[in-house]
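What follows draws every value from the coordinates through simple rules; no lab data is involved. Note that the structure is a prediction, hence the values are computed from the model and not measured. Positions of Cβ are generated from backbone atoms using ideal geometry, with glycine treated the same way; all protein chains shown enter the neighbour counts.
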Amino acid sequence: MRNILITGSSGLIGSEAVAYFDRKGARTYGIDNNMRADFFGRDGDTTWTLRRLQATCRRFEHRHLDIRDRAAMDRVVADIQPDLIIHCAAQPSHDLAKFRPFDDFDVNAGGTLNLLEATRKHAPEAVFILMSTNKVYGDAPNEKPFVELATRYDYADPTDFQGIDESCRIDQNTHSLFGVSKLAGDVMAQEYGRYFGLKTGIFRGGCLTGPNHSGVQLHGFLNYMARVAVKGDTYTIIGYKGKQVRDQIHSEDVIRAFECFAANPRPGEVYNLGGGRDNAASLLELLDRFEQLVGRPIPRDYVETPRVGDHQVYISNLAKFKSHYPEWSIHHDLDDIVDDVLRTLLTLNPQPALAS
């Protein structure tokens, strides 16, 4: 890959892609207008990430553009002529979408369509990767039978042990407006692959995380939890007794999956992508882990009512992607992810030494 266009290039996955492919010698072009700061305030500001990329990446060029600007997306794709497009820019919050529904839909659905059509017109041979979300399944995963254990819920049926696969239905349930807008972009990217033959790949992410996340309460919960632990603030658990389960995947493992797809694209394919069973943990278990690392309790509040459409247990079944790309595997286990996130925060905000 010579020219790579990455949207949301100052975000978690986008910045990881810039750094990863820059190390491989590709020329990377980033599109980001720091709308995360608009969505989430000062703590969501990604300026620090952009500065880091500009200081450390030799072949990176930043474009301050808004993916909702159709003419600008048309021009930038025509200008760059990318071999690979990694589309990560999004309004990413399940909760924020209800307060800003037009921004949510215009970014997640409209912005995706702008990029797909620009690709079809100006770079039809490019591989197009969409960072989608497991929220496209709405609350259908909650229809699985669960068992309650001491620190987590889990699937009651052994056939569900490896988690949710791509056959889970995407309609006739509650999504949140965010889930709907992402689903619109998800299905549109599939259609550009199947109808027009573009080399589109759609990745429905579990809990994507890593040390370069500008985590806030409304999005990026593991990084936000680490920030709470470091500052000694109170963490608010929302519903399910804190026993809701998520599978964590490190941003570098996400980019390695993208790289596999780009080398051998399957147009219009959809893949669930998360940490899988081995990287799954409940909120309670992760809070306990952070308490051990910082050496002090994390104060907790509890809100009994879960978020609308939230998953009680979500583990990404990785079987389909691994069958198509057997060279890929998870490199960062859960302990590695937690330690990486926390130690990076402590490097940026020095605190007393971690507990052993």
For helix 111-122, report the angle its Cα long axis makes with the longest principal axis of the Cα atoms of the chain; keep it between 0 and 90° and round to the nearest 10°. 30 degrees
In the structure shown, do any of Lys121/Lys320; Lys199/Lys320; Lys144/Lys199; Lys121/Lys199 have a Cα-Cα gap over 23 Å, and if so which? Lys121/Lys320; Lys144/Lys199
Whole-Hz ³J(HN,Hα) from phi, Karplus 6.51 cos²θ - 1.76 cosθ + 1.60, for region 328-342, glycine and proline x: 8, 7, 6, 9, 10, 7, 5, 4, 4, 5, 4, 5, 5, 4, 5
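Answer rounded, prolate or oblate for region 254-356, using the Cα gyration tensor with square roots of eigenvalues a ≥ b ≥ c: rounded when a/c is under 1.5, else prolate when a/b is larger than b/c, else oblate.
On the way: a/c = 2.82, a/b = 1.60, b/c = 1.76.
Cα axes put region 254-356 in the oblate bin.
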Which order results if Ile238, Ile13 are arranged by neighbouring Cβ count within 10 Å, fewest first? Ile238, Ile13
Overall dimensions of region 196-315 by Cα: Rg and Dmax, Å: 16.6, 56
Cα principal axis extents for region 3-348, largest first, Å: 55, 42, 41
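Counting only DSSP beta bridges with both residues in the chain, tell me the antiparallel percent, nearest 5.
Details: 7 of 46 bridges.
Antiparallel bridges make up about 15 percent of those DSSP assigns within the chain.
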Any idea what angle helix 12-23 forms with the longest principal axis of the chain, computed on alpha-carbon atoms, 0 to 90 degrees, nearest 10? 60 degrees
In the chain, if the dipole is taken from +1 on Lys/Arg beta carbons and -1 on Asp/Glu beta carbons about the Cα centre, which of Phe105, Val228, Val76 is farthest to the positive end? Val76
For q values of 0.11, 0.12, 0.14, 0.22 Å⁻¹, compute log₁₀ I(q)/I(0) with the Debye formula on a Cα-only model of region 115-188, without solvent. -0.42, -0.48, -0.61, -1.00
With viscosity set to 1.306 mPa s at 10 °C, what whole-number translational diffusion coefficient in µm²/s follows for region 1-100 from Stokes-Einstein and a Kirkwood radius over Cα pairs? 115 µm²/s
For helix 251-263, what angle does its Cα long axis make with the longest principal axis of the chain, in degrees from 0 to 90 and rounded to 10? 30 degrees
Under the rule rounded for a/c under 1.5, else prolate if a/b exceeds b/c, else oblate, using alpha carbon gyration tensor axes a ≥ b ≥ c, region 112-246 is classed as oblate
Tell me, how many Å apart are the Cα centres for region 71-136 and for region 177-191? 10 Å
